[in-house]
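Right, one structure below, let's go through it.
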Amino acid sequence: IHVTGIPLSSKFKRKIDNKETYRMFNLNPERKTILFFGGGEFGLGKERTVQILDSLIRNVPDYQIVAISGKNEKMKKKFEEIVSHENVEDRVRILGFTDKVPELMKISNIVVTKPGGLTTSESLASGLPILVISPIPGQEEENAQFLEEKGVGIWLKKEADPDEIIKDLFKNENKINEMKEKVKNLARRDSTENICKILLGDKYKKSI
């Protein structure tokens, strides 16, 4: 048995031009960035997800937000309604499906997401602390608990007040910086390469 971590796309190890990413999504390079994953094909926890995005917009005005709704068009419409209502088009970008997740993670300071295995692995490999929302009972709840225990995540539970949790997290920059430092102990950026090394054995050594 080899513990390698979930295999990740090579995009997460390649050199990325941050300036191009800021330009592509019309983002401000002088602002810190929250990457918010609020989609999901089945729209799990839609009202709660919308509530959390609204709380981030109201309580963290110094950050810009990239909110990804994936293929969930209803969620995307809800996000756009919030942005319009709060009049924050200058600092919130709403995206549907995008294949630019590695680029967006590279310029972000924190990610807000449900703790699926792949997204969690990608976030950690990108050095990002995680604000955990809407885990599916079972494995994802175990992931959420693990992230909290390791000090790299905050689990915003369904009974918790989003405003209170979010204000507490962002009021002290040291808290997020401490989480980022602990992420280094969990990240498995070389997982795919290590899997190939194990599978190929001597063949891998000869190829290099």
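What to note about this one:
- Count of the stretch 46-64 residues which are open to solvent by 40 Å² or more (accessible area, probe 1.4 Å) and farther than 18 Å from Trp155 by Cα: 3
- Residues of the stretch 144-169 that are more than 15 Å from Leu124 (Cα to Cα) and among the β-branched types (Val, Ile, Thr): Ile165, Ile166.
- Residue under evaluation Ile68, criteria (1) in contact (Cβ under 8 Å) with a residue 60 or more places away in the chain; (2) under 17 Å from the mean Cα position of the chain (by Cα), criterion not met: (1)
- Which listed residue, of Glu86, Glu148, Glu159, is touching a Lys or Arg at 6+ places or on another chain (Cβ under 9 Å) and among the acidic types (Asp, Glu): Glu86
- Among residues of the stretch 85-128 being part of a helix (DSSP H, G or I) and among the small types (Gly, Ala, Ser), the one that is surrounded by the most Cβ atoms within 10 Å (Cβ to Cβ) is Ser123.
- Scanning the stretch 121-145 for residues being in contact with a Lys or Arg (Cβ under 9 Å, 6 or more places away or on another chain), without any contact (Cβ under 8 Å) to a residue 60 or more places away in the chain and of a type in the set (Val, Ile, Thr) gives a total of 1.
- When restricted to residues that are modelled with pLDDT under 95 and either of a type in the set (A, V, I, L, M, F, W, C) or at positive phi (or both), the stretch 43-85 contains 6.
- Count of the stretch 3-27 residues which are assigned to a helix (DSSP H, G or I) and either farther than 18 Å from Thr98 by Cα or of a type outside the set (A, V, I, L, M, F, W, C) (or both): 8
- The C-beta contact set for the stretch 155-170 (first residue farther than 15 Å from Ser134 by Cβ and in contact (Cβ under 8 Å) with a residue 24 or more places away in the chain, second residue surrounded by 15 or more Cβ atoms within 10 Å (Cβ to Cβ) and β-branched (Val, Ile, Thr), distance under 6 angstrom, 6+ apart or interchain) comprises Leu169/Ile154; Phe170/Val60.
- Of the residues making up the stretch 1-28, those that are within 15 Å of Ile107 (Cβ to Cβ) and surrounded by 12 or more Cβ atoms within 10 Å (Cβ to Cβ) number 9.
- Unmet requirement for Phe79, which otherwise passes all of (1) open to solvent by 10 Å² or more (accessible area, probe 1.4 Å); (2) among the hydrophobic types (A, V, I, L, M, F, W, C); (3) in a helix (DSSP H, G or I): (1)
- Selection count, the stretch 71-88, where residues are of a type outside the set (A, V, I, L, M, F, W, C) and in contact (Cβ under 8 Å) with a residue 12 or more places away in the chain: 8
The values are calculated or read from the model by the stated rules, or taken from the named source; none is laboratory data. All figures in this text were calculated on a predicted structure; none of them were measured in a lab. Glycine gets a Cβ as well: all are built from the backbone with ideal geometry, and neighbour counts include every protein chain shown. What goes into the accessible areas is simple: the full protein's heavy atoms, side chains included, and nothing from ligands, DNA or RNA. Shrake-Rupley method; radii C 1.70, N 1.55, O 1.52, S 1.80 Å.
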